[in-house]
Amino acid sequence: MKVMIVVTHLLGTGHLARALTLGRAFQAKGDHVTVLSGGRPVPHFNAQGMRLIQLPPVHSNGTDFTTLLGKDGAPADPAYMDARRDMLLDALAEGAPDIMITELFPFGRRILRDEFGVLLEAARDMEAPPLVLSSIRDILAPPSKPVKAVFADEQVTAFYDGVLVHSDPDLVTLGHSWPVSDTLAPSLHYTGFVAPAPPNANTNDHGSILVSAGGGDVGERIFEAALDAASLMPQVHWLFLIGGTDARRDRFIRTAPPHVDIQAPRPDFRTLLAGAAASVSMCGYNTAMDVLQTGVPAVLVPFDDGGEVEQGLRSEALSHLDGITVLLQAGLNGPALATALEDVRNAPVRPPRQTNMNGAARSVEIAHDLRGRQVSQ
C-alpha cells in the first residue's frame, strides 16, 4: 500500500520523530511511505527508505502558537502558506495514497486548519479516496474552549475513518486530557505506545547523568539548573545534549566544569540513555517512551511555559513508577535537582517496560484492517 503521513512540528521535534517511527513500521510491512514535513528540517532524524518531502517550514515563536514564522523568521505571509498548500495537493495527486494520516490535526494545529481542510477535501473527492486517519499522542493539550473540541468532532465526522490514539488505556486514556464525546468515542483506536525497538546500552559513556530537552531550542532552565547541580556532584560525569545553535551551546560550554560534556543532540540518544546513570529531561511523548523502555532513573521537568499542561499530565501519570521523580519548573534549581537525582538513583530498579510498547506496529495493523474494510464495501 501507499501511505502518506502529514506532520508539522512547531516548537520541539517530537511530532516528526513519532511520524517517522510510524513510517518505519509501515515500511516494515512492505508499504511505500511518503512523509510531508512542515516544520523546520531535523537533519539527524532517520528517514531512510521513505520519501521525505520538506514543505516550506514554519515554526512558532516559543509557545505563542497564534502566529506562524517562516524560514527567515518573519511571519509566514499568504504566498508562503499557499506554496505549502500547493505542495500538499501535488503530493496527494501524485502519490494517490491508500492511507493518509494527519499527525495531531484536528485535535491540534488548528492554526493550519486552512491547509489541512483543503487537503482533506481533496482526499475525499478523489476517484479512489484514501483511508484517512488522525494520529495523536497519549495526552493532548486540553481544549481551552469547548468550540475546539466541537471542531475536532466535526472534522472527524466529516473526513476521518478513525483516530489512532498512541497510548496504553490501562495507563492513560484520551479522556484524561480531552473531552471524549459520544460522537468521537467510536472512532478511537488505542494502539499502545509508539516507540522504536528498545535500545542496547552499547556505549562507552556508561554512568553519565544525561541532560536533554529535545531537539529544539527550549529547556534553558533545565540546563542552567543542571550546571548548578553538576557543581554539587563533581564525582559524576555529565553529558548535556543541547539543541538549537552552536552559539547557544557555546554559552554553556564557557561556564561548564571539566566533568560536564556539552554536545548537540545525537542520533544515538536512546543508546546513551540506556547506559546512563540517570536522566534529566522534559516529559514529551517520545522522551517519556525512551525513559520507560530503558528503565533509566529519571527526573522529569515537565514543560509548562505559556500555560502548557500536556507534559505535566503525562509526568503525573508516570510519577508513581519507581525511579521517576517530577520536579516542576517553579521549584527547579541546582540543589533541588541534585536531591532529586540522588532520590531516583537510590530508588528500586525499574525494569524496562515491554508491555504495549509496539504501538507503531499495531497502528499499521489497524490501518490495514480499516483499509481492507473500506475497499470491500
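Against the chain, whose longest principal axis is taken from its Cα atoms, helix 113-124 shows a tilt of about 50°. Compared with the dominant principal axis of the Cα atoms in the chain, helix 14-28 is inclined by about 60°.
This model, with +1 at the C-beta of Lys and Arg and -1 at the C-beta of Asp and Glu, gives region 251-330 a dipole about its Cα centre of some 340 debye.
Charge dipole of the chain (Cα centre as origin; +1 on each Lys and Arg Cβ, -1 on each Asp and Glu Cβ, all else neutral): 520 debye, rounded to the nearest 20.
Debye-formula intensities of region 247-377, expressed as log10 I(q)/I(0) at q = 0.15, 0.21 Å⁻¹, are -0.84, -1.34 (one equal scatterer per alpha-carbon, no solvent). Modelled spin-label separation between Asn61 and Asn346, with each label point placed 7 Å from Cα along the Cα-to-Cβ direction: 4.7 nm. Rounded to two decimals, the Cα radius of gyration of region 8-126 over 2.2 N^0.38 Å is 1.04. Taking the Cα centre of region 282-375 as reference, the dipole from Cβ charges on Lys and Arg (+1) and Asp and Glu (-1) amounts to some 440 debye. Binning all Cα-Cα separations of the chain at 20 Å, short to long from zero, yields these whole-percent fractions: 29, 58, 14, 0. Consider a paramagnetic label point 7 Å from the Cα of Asp246 along Cα→Cβ; state which residues of region 40-60 have an amide N under 18 Å from it. Label zone hits: 43-44. Once you reduce region 272-295 and region 330-377 to the center of their Cα atoms, the two points are 10 Å from each other. Compute the distance from the alpha-carbon center of region 109-125 to that of region 18-87, in whole Å. Result: 15 Å between the Cα centres.
Give me the one-decimal nm value for the distance between modelled label points at Glu94 and Phe151, 7 Å along each residue's Cα-to-Cβ direction. In this crude label model, Glu94 to Phe151 measures out at 3.0 nm. In the calculated pair-distance distribution of region 1-69, the portion above 21 angstrom amounts to 25 percent of the Cα-Cα pairs. Could you compute how fast region 60-205 diffuses translationally, taking Rh as the Kirkwood radius over C-alpha pairs and applying Stokes-Einstein at 10 °C with viscosity 1.306 mPa s? Give it in µm² per second. Roughly 92 µm²/s, to the nearest whole number.
Taking the inverse of the mean reciprocal distance over all distinct Cα pairs, the Kirkwood hydrodynamic radius of region 263-337 comes to 12.8 Å. Under the criterion of Cα pairs below 8 Å and six or more residues apart, the relative contact order for the chain equals 16 percent. Give me the compactness ratio for region 136-272, meaning the Cα radius of gyration over 2.2 N^0.38 Å. Normalised by 2.2 N^0.38 Å, the Cα Rg of region 136-272 equals 1.45. Close amide H partners of Val194, meaning residues 5 or more places away or on another chain with modelled amide H under 5 Å apart, are Gly359.
Note on region 334-373: Cα convex hull, mean projected area over all directions, 4.7 nm². Its DSSP H runs of at least 4 residues, each contributing -39,500 (n - 2.57), put the calculated 222 nm mean residue ellipticity of the chain at -11000 deg cm²/dmol, to the nearest 500.
Values quoted throughout were computed directly from the atomic coordinates according to the rules given, and no laboratory measurement underlies them. What you see is a predicted model, and the numbers here were worked out from it, not measured in a lab. Methodologically, a virtual Cβ is constructed for each residue, glycine included, from the backbone with ideal geometry; neighbour enumeration extends over all protein chains shown.
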